[in-house]
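The values are calculated or read from the model by the stated rules, or taken from the named source; none is laboratory data. A quick note: this is a predicted structure, and the numbers were derived from the prediction, not measured. For neighbour counting, all protein chains shown are included, and Cβ atoms are generated from backbone atoms with ideal geometry for every residue, glycine included.
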Amino acid sequence: MAELQLKSARFRAEREADWRRLETLLTRAQGGRAAKLRPQELLEIPVLYRQALSSLSVARSISLDRSLVDYLEGLAARAYFVVYGTRTRPFERMGRFFVHDWPMAVRSLWRETLVGALIGAVAAVVAYILVRQDSDWFYGFMPQAMAGGRDPTASTAFLRGTLYGEGGHGAKEGLELLATFLFTHNAQISLFAFALGFALCLPTAALLAYNGATLGAFLALFAERGLAFQATGWLMIHGVTELFAVTLAGSAGLSIGWAVSFPGERSRVEAAAHAGRRGALVMAGVVVMLFVAALLEGFARQLITSDGARYAIAATSGVLWAAYFYWPRRSRPE
């Protein structure tokens, strides 16, 4: 025991000055004063960190006293986060997300996005045809809460009035409540489409089809009354952003399901984890898109009653989103 204590004391005496120096530099860096460190001090930290790791390895191998090992483990952990941890501030990380990470993640899912859009479009066309042939199909595609009185039993005057805020569910007094309800509904569809993707893509595809079918049934109802042009403008003032967001959420879910089904050279767990990380970036942005869509849905489309202005806003939003995601840009240097 005396020999072990002697080894520990000698070991500490030979190296303690470097440990204390590293501890002092770490305290200054972690206290928000890293910018005040001199260049020589910044270069010192990784060198002292490697020396501390070497000391820790030796201390463990020769079974020195536990308190010394604990001290070196804590010191090495602190130094690791200073040397290898993130050096970006919250606003810088947010800027990098919007400028690079989110659009690049969306671009990498362009195949899944096309598939998701195709599923929704086919479902919309099928629902449109079925409702035009038999109006009873409307109730199979459109939830009553979302219809808000816009169903085959409504008069043409009532349906027209809902498009221009002349009463009923289109009244301006309930815009805040309407925006909240629709944001919640579309957020649920998006989250489920993403979260259920691991089940071999099938639930995600079904949700995308359901979302498209509700759109087709809605347009069929108004087209039957000669209001197709007006209803499309009323819907697309927010629908471009909203449908794009739901499709992106579905594409992230489809990518996970595809990775699970066809992992390639990776294991299924690794493939799913890789797709999940990319999908999480997409979903973080989808929440932003849904918030924008909710504002447009609850306010802009009711306050703006000109068909031309509605179509202009819809077209502008589509061009802006397409340019934001798919305009060529340089890859961010690692």
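For segment 23-31, state whether one or more residues are at pLDDT 85 or above and of a type in the set (S, T, N, Q).
Residues of segment 23-31 that are at pLDDT 85 or above, as a first pass: 23-27.
When the remaining residues are screened for being of a type in the set (S, T, N, Q), the result is 24, 27.
The answer is yes; a qualifying residue exists.
Has segment 92-102 got any residue that is farther than 30 Å from residue 219 by Cβ and over 38 Å from the mean Cα position of the chain (by Cα)?
First, the residues of segment 92-102 that are farther than 30 Å from residue 219 by Cβ: 92-102.
Next, only the ones that are over 38 Å from the mean Cα position of the chain (by Cα) stay: none.
No, segment 92-102 contains no residue that is farther than 30 Å from residue 219 by Cβ and over 38 Å from the mean Cα position of the chain (by Cα).
Taking the conditions exactly as written (under 21 Å from residue 126 (Cα atoms) and surrounded by fewer than 23 Cβ atoms within 10 Å (Cβ to Cβ)), does residue 221 satisfy them or not? I'd like the intermediate steps shown before the answer.
Details: under 21 Å from residue 126 (Cα atoms): yes; surrounded by fewer than 23 Cβ atoms within 10 Å (Cβ to Cβ): no.
When the stated conditions are applied, residue 221 does not pass them.
Among the residues of segment 54-68 satisfying the criterion of being aliphatic (A, V, I, L, M) and surrounded by fewer than 16 Cβ atoms within 10 Å (Cβ to Cβ), which is nearest to the chain's Cα centre (by Cα)?
Residues of segment 54-68 that are aliphatic (A, V, I, L, M), as a first pass: 56, 58-59, 62, 64, 68.
If we keep only those that are surrounded by fewer than 16 Cβ atoms within 10 Å (Cβ to Cβ) too, we end up with 58, 62.
Numbers: 58: 45, 62: 49 Å.
Only one residue fits best here, namely 58.
Answer with yes or no whether residue 308 is more than 24 Å from the chain's Cα centre (by Cα) and more than 24 Å from residue 123 (Cβ to Cβ). Can you show your working first?
Working: more than 24 Å from the chain's Cα centre (by Cα): yes; more than 24 Å from residue 123 (Cβ to Cβ): yes.
In short, yes.
May I ask you to list the residues in segment 310-319 that are under 13 Å from residue 230 (Cβ atoms) and either exposed (fewer than 14 other Cβ atoms within 10 Å of the Cβ) or among the aromatic types (Phe, Trp, Tyr) (or both)?
311
Spot the failing condition for residue 187; the list is (1) buried (at least 17 other Cβ atoms within 10 Å of the Cβ); (2) at pLDDT below 80; (3) within 18 Å of residue 289 (Cβ to Cβ), and only one is missed.
(2)
With the structure loaded, tell me whether residue 299 is modelled with pLDDT under 90, part of a helix (DSSP H, G or I) and surrounded by fewer than 16 Cβ atoms within 10 Å (Cβ to Cβ) or whether it fails that test.
Values: modelled with pLDDT under 90: yes; part of a helix (DSSP H, G or I): yes; surrounded by fewer than 16 Cβ atoms within 10 Å (Cβ to Cβ): no.
Criteria not met by residue 299.
Go through the residues of segment 125-132 one by one and say whether even a single one is of a type in the set (A, V, I, L, M, F, W, C), in the same structural domain as residue 279 (by TED's automatic domain parsing), surrounded by 13 or more Cβ atoms within 10 Å (Cβ to Cβ) and not in a helix (DSSP H, G or I).
No, segment 125-132 contains no residue that is of a type in the set (A, V, I, L, M, F, W, C), in the same structural domain as residue 279 (by TED's automatic domain parsing), surrounded by 13 or more Cβ atoms within 10 Å (Cβ to Cβ) and not in a helix (DSSP H, G or I).
Limited to segment 242-257, what total is found for residues that are of a type in the set (S, T, N, Q) and surrounded by fewer than 24 Cβ atoms within 10 Å (Cβ to Cβ)? Can you show your working first?
Taking segment 242-257 first, the residues of a type in the set (S, T, N, Q) are 247, 251, 255.
Now narrow it down to the ones that are surrounded by fewer than 24 Cβ atoms within 10 Å (Cβ to Cβ): none.
Of the residues in segment 242-257, 0 are of a type in the set (S, T, N, Q) and surrounded by fewer than 24 Cβ atoms within 10 Å (Cβ to Cβ).
In segment 260-275, how many are surrounded by fewer than 16 Cβ atoms within 10 Å (Cβ to Cβ), touching a residue at least 12 places away in the same chain (Cβ under 8 Å) and farther than 20 Å from residue 102 by Cα? Walk me through how you get there before you give the answer.
Keep residues of segment 260-275 that are surrounded by fewer than 16 Cβ atoms within 10 Å (Cβ to Cβ), which gives 261-262, 264-270, 273-274.
Then keep just the ones that are touching a residue at least 12 places away in the same chain (Cβ under 8 Å); that gives 261, 274.
So of that shortlist, the ones also farther than 20 Å from residue 102 by Cα come out as 261.
Number satisfying all stated conditions: 1.
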